């Protein structure tokens with residue numbers, strides 16, 4: 001071995017090689033590779049620190065924190081020094097800490113090296129952070145460590161809560177739908193000389209449309225069709241209230257105009273407070289005399305297809321929408337029907353249905369269906385209208401409630 005005093009290789013030249021001077025220095029030989037490794041470590045550290053997850057490196061078996069990333073410091077509100085100086089139990093609940101210790105103690109013997117725990121982490125500033133922790137046992141240079149990655153579940157919990165609330169709301173809405181449908185007549189009354197049919201198809205879970213029949217003595221039947229503004233729970237509740245009032249008041253009045261006046265007066269304040277209104281058409285039909293008496297509260301005009309003349313007429317009577325003014329005078333009209341006449345009471349969900357081009361279904365198409373079904377039963381006519389509206393719109397989903405009553409003199 002050469003000594004510093006040996007000729008040809010002075011001590012100063014050897015020193016220059018060692019400390020990195022000179023063309024053949026050891027530093028120049030190994031520095032680029034070392035710098036590359038350091039750069040890679042810097043980039044890896046930056047990735048860990050920019051992660052949204054909290055990452056902890058635990059020493060085994062003490063479970064002391066060896067290192068943490070910046071995200072853990074930010075989300076737990078602690079400095080790195082605080083995290084590294086405090087024990088695991090300061091941040092992990094007892095149950096979660098026990099799971100970690102069980103993994104460390106029995107994991108290898110049981111053939112498992114990781115566990116996933118849904119829990120929460122305690123913040124230095126107080127409060128809790130809901131997390132899902134995946135902890136894995138790893139070896140570095142024959143030393144065992146635990147790497148715990150905690151993912152913030154705050155948004156997931158919030159989304160789950162919203163989903164649960166929506167699910168409950170849907171169940172409540174479906175229940176409201178079933179209750180509302182149960183308020184509709186199960187079947188029309190049977191009277192000699194007349195056939196009846198009705199239907200109500202809400203566009204949403206609950207709707208504001210309503211129809212009903214009231215059988216009186218001596219072959220008289222009352223028909224009512226109504227449309228409460230909106231498709232909300234409020235509209236459904238107001239529909240139920242209107243039904244209750246009608247059931248209570250219908251036999252107290254003989255005229256259709258008086259019934260509407262009484263209904264408007266009773267519902268006026270409730271409609272005003274709810275910001276709603278009701279359009280309604282009321283009909284009384286005497287099957288013995290074939291006399292049709294009717295009044296209107298701003299509702300879409302019913303259609304009467306007269307079999308003998310093959311003509312489609314509108315039944316009109318003066319009357320304001322219910323809930324607009326407390327004292328209203330409603331007009332009452334009468335009409336003599338004949339055998340083969342077909343009366344259709346309906347809501348605007350039919351005529352205002354639109355196709356893909358924005359065209360409305362309209363009154364003319366409705367009259368064409370009545371004409372084509374003049375020999376059919378009221379039920380067949382109602383079913384045909386529903387089928388035509390569905391085909392016209394090109395979708396089974398309705399934009400508005402669809403409600404009808406069909407009466408045919410036979």
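Among the residues of the range 114-126, the ones that are exposed (fewer than 15 other Cβ atoms within 10 Å of the Cβ) and in contact (Cβ under 8 Å) with a residue 24 or more places away in the chain come to 3 in all.
Applying the set (1) surrounded by fewer than 18 Cβ atoms within 10 Å (Cβ to Cβ); (2) outside the structural domain of residue 338 (by TED's automatic domain parsing); (3) touching a residue at least 40 places away in the same chain (Cβ under 8 Å); (4) within 30 Å of residue 284 (Cα to Cα) to residue 144 leaves exactly one unmet item: (4).
Of all the residues in the range 264-295, those that are buried (at least 21 other Cβ atoms within 10 Å of the Cβ) and within 30 Å of residue 193 (Cα to Cα) number 10. Condition test on residue 257, is it surrounded by 17 or more Cβ atoms within 10 Å (Cβ to Cβ), touching a residue at least 12 places away in the same chain (Cβ under 8 Å) and either in contact with a helix residue (DSSP H, G or I) (Cβ under 8 Å, 6 or more places away or on another chain) or on the phi > 0 side of the Ramachandran plot (or both)? Judged against the criteria, residue 257 is not a match.
Exactly one residue out of 349, 362, 394, 358 is free of Cβ contacts under 8 Å to residues at least 12 places away in the same chain, under 28 Å from the mean Cα position of the chain (by Cα) and more than 21 Å from residue 192 (Cα to Cα), and it is 358.
Out of curiosity, is residue 341 under 29 Å from the mean Cα position of the chain (by Cα), in contact (Cβ under 8 Å) with a residue 60 or more places away in the chain and surrounded by 14 or more Cβ atoms within 10 Å (Cβ to Cβ)? No, not satisfied. For the range 63-81, the criterion of being surrounded by 15 or more Cβ atoms within 10 Å (Cβ to Cβ), assigned to a loop (DSSP other than H, G, I, E, B), in contact with a strand residue (DSSP E or B) (Cβ under 6 Å, 6 or more places away or on another chain) and modelled with pLDDT under 95 is satisfied by at least one residue.
If the condition is being under 43 Å from the mean Cα position of the chain (by Cα), surrounded by 16 or more Cβ atoms within 10 Å (Cβ to Cβ) and part of a loop (DSSP other than H, G, I, E, B), then the range 82-109 contributes 91, 92.
The values are calculated or read from the model by the stated rules, or taken from the named source; none is laboratory data. Quick caveat, the model's predicted, so the values are computed rather than measured. Note that we place each Cβ from the backbone using ideal geometry, even for glycine, and neighbour counts take in every protein chain shown.
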